[in-house]
């Protein structure tokens with residue numbers, strides 16, 4: 001079964017990707033990615049640019065409306081994701097519990113629809 005780990009972080013944590021705290025920030029993520037690869041459960045994933053770089057598209061009355069920025073103001077932002085292939089939701093949750101984001105943010109675990 002495939003699960004997506006949706007990573008949410010506070011904008012202040014996403015900002016740590018650059019500057020004086022970048023090395024420490026990325027070391028945790030590199031170690032987590034290495035553990036997922038070593039266990040053979042990683043299908044893919046990516047970090048996302050900060051939410052300020054988002055563009056949101058809506059259709060209203062058949063017309064395209066483009067908005068710079070996120071869909072809604074939130075406390076945490078969708079910062080990245082991992083797709084895992086594991087036996088159960090319990091295994092997905094176990095991997096989510098090891099994700100660096102859970103210390104301050106959140107990790108949403110969702111099964112993928114088989115298509």
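Residue 110 satisfies every condition listed in (1) without any contact (Cβ under 8 Å) to a residue 12 or more places away in the chain; (2) not in a helix (DSSP H, G or I) except (1).
Which members of segment 22-61 meet the condition of being within 19 Å of residue 5 (Cα to Cα), touching a strand residue (DSSP E or B) at 6+ places or on another chain (Cβ under 8 Å) and free of Cβ contacts under 8 Å to residues at least 60 places away in the same chain? Across segment 22-61, the qualifying residues are 33, 36, 41, 42, 43, 44, 45, 46, 47, 48, 50, 51. Being surrounded by 12 or more Cβ atoms within 10 Å (Cβ to Cβ), touching a helix residue (DSSP H, G or I) at 6+ places or on another chain (Cβ under 7 Å) and either without any contact (Cβ under 8 Å) to a residue 40 or more places away in the chain or more than 14 Å from residue 1 (Cβ to Cβ) (or both) is the requirement here; does residue 79 meet it? Criteria met by residue 79. Where strands (runs of 3 or more DSSP E) sit wholly within segment 1-81, those with at least 1 residues that are within 16 Å of the chain's Cα centre (by Cα) and modelled with pLDDT under 95 occupy 2-9, 42-47. Against the test of being surrounded by 10 or more Cβ atoms within 10 Å (Cβ to Cβ) and on the phi > 0 side of the Ramachandran plot, the options 33, 40, 19, 45 yield a single qualifying residue, 45. Scoring residue 67 on the criteria (1) touching a residue at least 24 places away in the same chain (Cβ under 8 Å); (2) surrounded by 11 or more Cβ atoms within 10 Å (Cβ to Cβ) leaves a single failure, condition (1). Scanning segment 73-87 for residues that are farther than 16 Å from residue 12 by Cβ and out of contact with any strand residue (DSSP E or B) (no Cβ under 9 Å at 6 or more places or on another chain) yields a total of 1. Residues in segment 82-102 that are over 14 Å from the mean Cα position of the chain (by Cα) and loosely packed, with under 14 Cβ neighbours inside 10 Å: 87, 88, 90, 94.
The values are calculated or read from the model by the stated rules, or taken from the named source; none is laboratory data. Every value quoted in this text rests on a predicted model; they were computed, and no experiment measured them. Note: ideal-geometry Cβ built from the backbone for every residue, glycine included; neighbour counts use all protein chains shown.
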